[in-house]
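Worksheet for the structure shown next.
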Amino acid sequence: MSEAFRCGRRGPWAANSPFKYDQVEKGDHYRDGGTCSYCGSVSQEAFLAFIEAGGEVGPTDKSYKAYLHGTDTAQAPGIKFYFQHLDEAGMRKFIELVNAKRMRIGYPGHFYVRPYFCVPVKADAA
Ligand SMILES: [Zn+2]
């Protein structure tokens, strides 16, 4: 069993969120298959390695969730990733990969619902 951590999907959430704040502070772990014992997400490390190996990230209508689609070059480490599993550095890396177009994004080819930690910026007028 991996080292215990706190799954980010336990909250806290915004006041109008449908999710319940679960204040358990620790005790989650990555199961043998590499998925979070609380939410079933793969780890940040597995998610980012999958993207860099050419795996396809499938957008969803949720700002906190993506599906993982295996490709010729990358076997999916699990079926889904919850963005709450990204730490600050992971979010930066994710944004960097999107901006550099180094992420294969599944249909329709972009995140039609933006990941909650991403904001659009206007390209510099040149
Ligand atoms: Zn989790």
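Coordinate-derived values only; no laboratory data. The shown structure was predicted, so the numbers you read here are calculated from the model rather than taken from an experiment. Here Cβ is always computed from backbone atoms with ideal geometry, including for glycine, and neighbour counts include all displayed protein chains.
Applying 1/(1 + (r/R0)^6) with r as the Cβ-Cβ distance of residue 32 and residue 60 and R0 = 22 angstrom yields a FRET efficiency of 0.30.
The trypsin sites (Lys or Arg not before Pro) found in the stretch 66-115 that occupy coil by DSSP, while having at most 10 further C-beta atoms within 10 Å, are 101. Round to the nearest 0.05 the FRET efficiency obtained for residue 72 and residue 3 when R0 = 35 Å and r is the Cβ-Cβ distance. Taking R0 as 35 Å, the efficiency between residue 72 and residue 3 is 0.60. Within the same chain, lysines fewer than 8 places from residue 80 are excluded, and of the rest, those with a Cα less than 19 Å from its Cα are 62, 65, 93. Taking 7 Å steps out from each Cα toward its Cβ at residue 117 and residue 19 produces label points 1.2 nm apart. Using Cα atoms only, what is the angle between the long axis of helix 88-99 and the major principal axis of the chain, expressed in degrees (0 to 90) to the nearest 10? Once rounded, the angle reads 30 degrees. Here is the list for the stretch 1-80: chymotrypsin sites (Phe, Trp or Tyr not before Pro) lying in DSSP coil, each with at most 11 other C-beta atoms within 10 angstrom of its C-beta, are 21.
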